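The values are calculated or read from the model by the stated rules, or taken from the named source; none is laboratory data. Here the structure is a predicted model, which means the values were calculated and not measured. We place every Cβ from the backbone using ideal geometry, glycine too, and count neighbours over all the protein chains shown.
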Amino acid sequence: MPIDESRKFLPVNIAVLTVSDTRSMAEDKSGQTLQDRITASGHACVAREIVRDEADLIEEILRRWVADTAVDCVITTGGTGITGRDVTPEAFKRVLDKEIEGFGELFRMLSYAKIGTSTMQSRALGGVAGGTYMFALPGSTGACKDAWDDILQFQLDSRHRPCNLVELMPRLLEHLK
């Protein structure tokens, strides 16, 4: 996946939400992993929170960040499994304007090479809401590393060729004009 060094890097403002009933900020390794990778890539982590596995609470934070013009992208970690408390995809679907089906498919394809058929339990997904990119990742640190290192760091880099999500940002709300 080539980076065209002749193109200008455009930093993206990213908010990170950890969905967990048990983690505190001090114990949130997945959220910290994302924050570290975001800033190491030259982007800004403009917000970071933890919320319980409750769809209404997740939706409230997602809607707040989508409405905030200082947030270009939201990445969540946790709540994408299949147990009764895993409700992040349901909260996302209440907020999304469009789903990016290829993100979840690509994530599971890459994950399969590392964890085999267990990847079928992940309901990782991506989409767009109100001109803001949104990605729901599993709660494991390894899954967050895989999603960032193998997908998001490239698609959120304006220099990535042949195309990237950053170059589409000015057009995400064109249907409202």
Quick check: is even one residue across the stretch 97-107 hydrophobic (A, V, I, L, M, F, W, C), at pLDDT 95 or above, surrounded by fewer than 20 Cβ atoms within 10 Å (Cβ to Cβ) and within 16 Å of VAL74 (Cα to Cα)? yes
One residue is enough: does the stretch 45-61 have a residue meeting the conditions basic (Lys, Arg), surrounded by fewer than 21 Cβ atoms within 10 Å (Cβ to Cβ), under 23 Å from GLY131 (Cα atoms) and touching a residue at least 40 places away in the same chain (Cβ under 8 Å)? no
For the stretch 63-76, give me the residue count where each residue is farther than 18 Å from MET169 by Cβ and surrounded by 15 or more Cβ atoms within 10 Å (Cβ to Cβ). 2
Extreme residue, farthest from GLU90 (Cα to Cα), among residues of the stretch 124-154 that are buried (at least 23 other Cβ atoms within 10 Å of the Cβ) and out of contact with any Ser or Thr (no Cβ under 8 Å at 6 or more places or on another chain): LEU152
Take ASP146 and tell me if it is closer than 26 Å to MET25 by Cα, charged (D, E, K, R) and in a helix (DSSP H, G or I). yes
From the option list GLY142, GLY131, GLY126, GLY116, single residue qualifying as on the phi > 0 side of the Ramachandran plot and at pLDDT 95 or above is GLY131
